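Remarks on the structure that follows.
Every number here is computed from the coordinates shown, using simple stated rules; none is lab data. Predicted model only: the values in this text are computed from it and were never measured. Glycine gets a Cβ as well: all are built from the backbone with ideal geometry, and neighbour counts include every protein chain shown.
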Number of protein chains: 2
Amino acid sequence: MSDRSKRMATAFASASVGNVAVGFDILGFAMEAPGDRVSVEVLDEPQVEISEISGVVTDLPMAATDNTATVGLLEMIDDLKLDFGFRVAIEKGIPLGSGMGGSAASAVASVVAANELLDQELSRNQCLRYALIGESAATGDLHADNVTPCLFGGLTLTRSIEPVEVLRIPVPDEIRCVLAYPNRRVDTRRAREVVPDELPVSDFVAQSANLASFITGCHRGDLELIGRSLKDVLIEPHRASLIPGFYEVCEAARAAGALGSSISGAGPTIFAWVTAGDLEAVASAMHGAFAEAGSEATIWSGAIGEKGARIIDEGS
Amino acid sequence: MSDRSKRMATAFASASVGNVAVGFDILGFAMEAPGDRVSVEVLDEPQVEISEISGVVTDLPMAATDNTATVGLLEMIDDLKLDFGFRVAIEKGIPLGSGMGGSAASAVASVVAANELLDQELSRNQCLRYALIGESAATGDLHADNVTPCLFGGLTLTRSIEPVEVLRIPVPDEIRCVLAYPNRRVDTRRAREVVPDELPVSDFVAQSANLASFITGCHRGDLELIGRSLKDVLIEPHRASLIPGFYEVCEAARAAGALGSSISGAGPTIFAWVTAGDLEAVASAMHGAFAEAGSEATIWSGAIGEKGARIIDEGS
């Protein structure tokens with residue numbers, strides 16, 4: 001609940017995987033870790049300041065008009081005609097340009113924390129709107145496939161941004177995820193540029209078949225169907241060359257038991273879906289394959305983040 | 001069960017709607033009516049003859065190598081090294097070039113009937129293969145979005161043709177369908193030609209969102225979600241001009257309560273999904289809108305055909 005007497009709140013928002021192989025710009029899922037923490041403190045003037053940026057990324061804009069964590073708050077102050085403002089401290093756990101939704105996580109965490117300080121709590125969809133505006137400071141456009149799962153948790157399908165319509169797609173309990181980040185950046189705009197404006201209808205048909213089958217597999221809890229369907233024939237071929245060792249890492253993941261793998265968002269992180277029993281073997285295989293391709297990868301592995309962004313205790 | 005002592009069998013296969021707005025080349029559903037009946041009689045020589053073509057279409061090839069009802073049977077004789085053949089009588093209930101899967105229905109009915117006369121019954125997927133080969137006599141290519149629902153019944157998703165993988169998607173019990181056929185032909189090849197080889201990625205993203213939402217709506221039994229999602233933004237705009245009155249008929253259907261509507265297969269038939277209570281009003285509205293556009297439409301309305309193609313008693 002919102003509590004105006006409260007002067008400060010801290011929120012956690014996790015990494016997320018956009019596109020999910022078959023759902024370019026529409027599907028995304030949240031991880032449990034890593035994530036960003038944003039602490040927001042009430043300022044007496046209706047303005048926004050960044051007091052500190054710490055963690056794994058520190059070379060981010062300190063101007064509130066340029067940072068994904070604060071652009072949404074400026075819009076919120078304006079929209080709601082607030083007579084107070086926010087001082088924001090950002091602790092980054094998600095590497096920049098990794099394809100794990102770091103911009104989205106900061107945007108979401110700051111909105112969730114600020115929401116806690118409002119007289120009247122915003123709806124989830126209102127929070128989504130401000131977080132989307134915040135993230136657009138990084139991407140230059142409204143894309144919901146990271147912000148949505150980051151905020152709501154789980155696997156989400158964004159049917160529409162204006163008006164906002166987000167559907168939660170069930171994920172079988174057995175599913176775990178490995179993220180392998182090769183410690184190099186991909187510029188999101190560059191990753192968009194390598195995708196042609198137009199693509200063959202025949203590729204669309206094949207991708208659509210996999211998308212519809214993947215969604216069906218999730219609803220049925222059919223792991224084999226999910227595995228057969230988790231294949232990107234549309235976008236991945238254009239982006240794979242931006243990631244040295246891409247095909248080798250995916251092949252190593254499959255060989256070690258992964259259901260499927262693809263580029264996380266715009267890359268260069270590669271995600272794999274895997275059942276719990278194969279989690280360690282797949283994580284190790286992906287690390288090894290990246291090493292052979294010359295990249296020292298950082299690996300995260302764990303469950304899908306079902307809870308979404310949330311307020312955390314100061315001490316946690 | 002197969003029964004070699006049997007010398008004759010008759011099968012019914014219904015009309016079907018391919019594409020289903022959001023699933024170009026991959027989704028299709030069967031109707032209960034109209035449909036084709038094919039009677040197949042054992043010949044002592046391993047050859048195929050057409051004895052009769054009757055019903056609403058009679059100007060079809062009498063040569064077994066050219067007719068969709070017999071091309072699959074020729075393949076079957078060859079494949080299985082049969083020492084006997086088939087004499088085929090076709091009773092067409094589905095108008096030619098209507099977009100209601102008439103070629104598929106004849107191909108499916110003949111294979112289902114012939115299967116009844118074999119020593120060893122074929123699997124459903126084997127039947128599908130011969131029916132696909134039969135239908136290719138009309139379309140020049142393997143397309144499964146009519147043959148699959150026609151054979152299996154219900155709403156089907158064809159994930160892959162080679163190897164065959166077909167998924168049944170649940171349809172809520174309340175759903176009914178109206179087919180409005182404006183009594184003019186569209187050449188399927190021409191309808192394919194008007195679709196460009198490449199299409200904008202942005203349109204594909206929008207179509208994918210609707211496809212994934214439609215599949216989710218079917219699994220959830222969420223009629224409103226199905227209605228919001230049953231919209232073709234990718235293919236329909238290119239084909240609508242082939243159907244005089246297209247937008248007016250769809251608008252009339254929506255206004256009368258239809259959940260959604262689009263082109264049935266390659267057209268010119270328009271299908272609408274509707275709940276049982278609105279069935280008559282929607283059927284009447286679509287007929288009226290076609291009449292205003294100068295077409296005297298034939299209307300069929302009823303439930304989704306859940307049973308698929310089947311052997312029928314001689315007398316029925």
Can you give me the Cα centroid spacing of region B:174-196 and region A:133-212 in angstrom?
33 Å
How many partner chain Cβ atoms sit within 10 Å of a residue's Cβ in peptide A:210-222, on average, as a whole number?
6
Using only DSSP helix segments of four residues or longer, with each worth -39500 (n - 2.57), what per-residue ellipticity at 222 nm results for the protein assembly as shown after dividing by its residue count and rounding to 500?
-10500 deg cm²/dmol
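Quickly rank A:29-40, A:63-74, A:101-112 as a protection proxy: mean count of other C-beta atoms within 10 Å, highest first. Don't skip to the answer; put the middle values down first.
Numbers: A:29-40: 25.2, A:63-74: 22.8, A:101-112: 33.1.
Packing order, densest peptide first, comes out as A:101-112, A:29-40, A:63-74.
For a test of the definition: using alpha carbon positions, the gyration tensor, and the 1.5 limit on a/c, classify region A:175-302 as rounded, prolate or oblate.
Details: a/c = 2.15, a/b = 1.05, b/c = 2.04.
Note, shape of region A:175-302 comes out oblate.
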Charge dipole magnitude, Cβ of K and R +1, D and E -1 - region B:175-302, Cα centre, debye nearest 20
240 debye
Check: the protein assembly as shown dipole with +1 on Lys, Arg Cβ and -1 on Asp, Glu Cβ, in debye:
300 debye
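Compute the relative contact order of region A:175-302 as a whole-number percentage, counting only Cα pairs closer than 8 Å that sit 6 or more residues apart in sequence.
Relative CO of region A:175-302 lands at 40 percent.
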In nm, give the distance between the simple-model label positions of residue A:220 and residue B:63, each being 7 Å from the Cα along the Cα-to-Cβ direction.
4.2 nm
Using a label point 7 Å beyond Cα on the Cα-Cβ vector, give me the inter-copy distances for residue B:221 in nanometres, one decimal, shortest first.
1.7
Sort shortest first the distances from residue A:174 to its counterpart in every other copy, using label points 7 Å along the Cα-to-beta-carbon line, and give them in nm.
3.5
Simple label model, 7 Å out from Cα along Cβ direction - residue A:49 to residue B:291, nm
7.5 nm
Size of the dipole of region A:181-229 about the Cα centre, Lys and Arg at +1 and Asp and Glu at -1 on the beta carbon, nothing else charged, in debye to 20?
300 debye
Which shape class applies to region B:89-201: rounded if a/c is under 1.5, otherwise prolate when a/b exceeds b/c and oblate if not, where a ≥ b ≥ c are the square roots of the Cα gyration tensor eigenvalues?
rounded
Calculated label separations, residue A:125, copies of the chain, 7 Å along the beta-carbon direction, nm:
4.4
For the protein assembly as shown, what is the percent of antiparallel DSSP beta bridges, rounded to the nearest 5?
85 percent
Nearest 10 degrees, 0 to 90: helix B:201-220 Cα axis against chain B principal axis:
70 degrees
Report, ordered by chain and residue number, the lysines lying within cross-link reach of residue A:81, taken as a straight Cα distance under 27 Å and ignoring same-chain residues fewer than 8 apart.
A:6
What angle, in degrees between 0 and 90 and rounded to the nearest 10, separates the Cα long axis of helix B:246-255 from the longest principal axis of the Cα atoms of chain B?
70 degrees
Cα centroid distance between region A:256-316 and region B:75-130, in Å?
49 Å
Is the shape of the protein assembly as shown best called rounded, prolate or oblate, per the rule: a/c under 1.5 gives rounded, else a/b larger than b/c gives prolate, else oblate, with a ≥ b ≥ c the square roots of the Cα gyration tensor eigenvalues?
prolate
What's the angle, to the nearest 10 degrees (0 to 90), between helix B:279-292's Cα axis and the longest principal axis of chain B?
80 degrees
Rounded to the nearest 0.05, what FRET efficiency do residue B:173 and residue B:121 have when you use their Cβ-Cβ distance and R0 = 25 Å?
0.20
What percent does the relative contact order of chain A come to when contacts are Cα pairs within less than 8 Å and at least six residues apart?
25 percent
Tell me, what HN-Hα J-couplings in whole Hz come from the Karplus equation 6.51 cos²θ - 1.76 cosθ + 1.60 at θ = phi - 60° for each residue of region A:70-84, using x for Gly and Pro?
10, 4, x, 6, 4, 5, 4, 4, 5, 4, 8, 6, 5, 9, 9
Per the charge dipole of region A:221-316 (beta-carbon charges, Lys/Arg positive, Asp/Glu negative, Cα centre), the residue among A:244, A:303, A:230 reaching farthest to the positive end is A:230
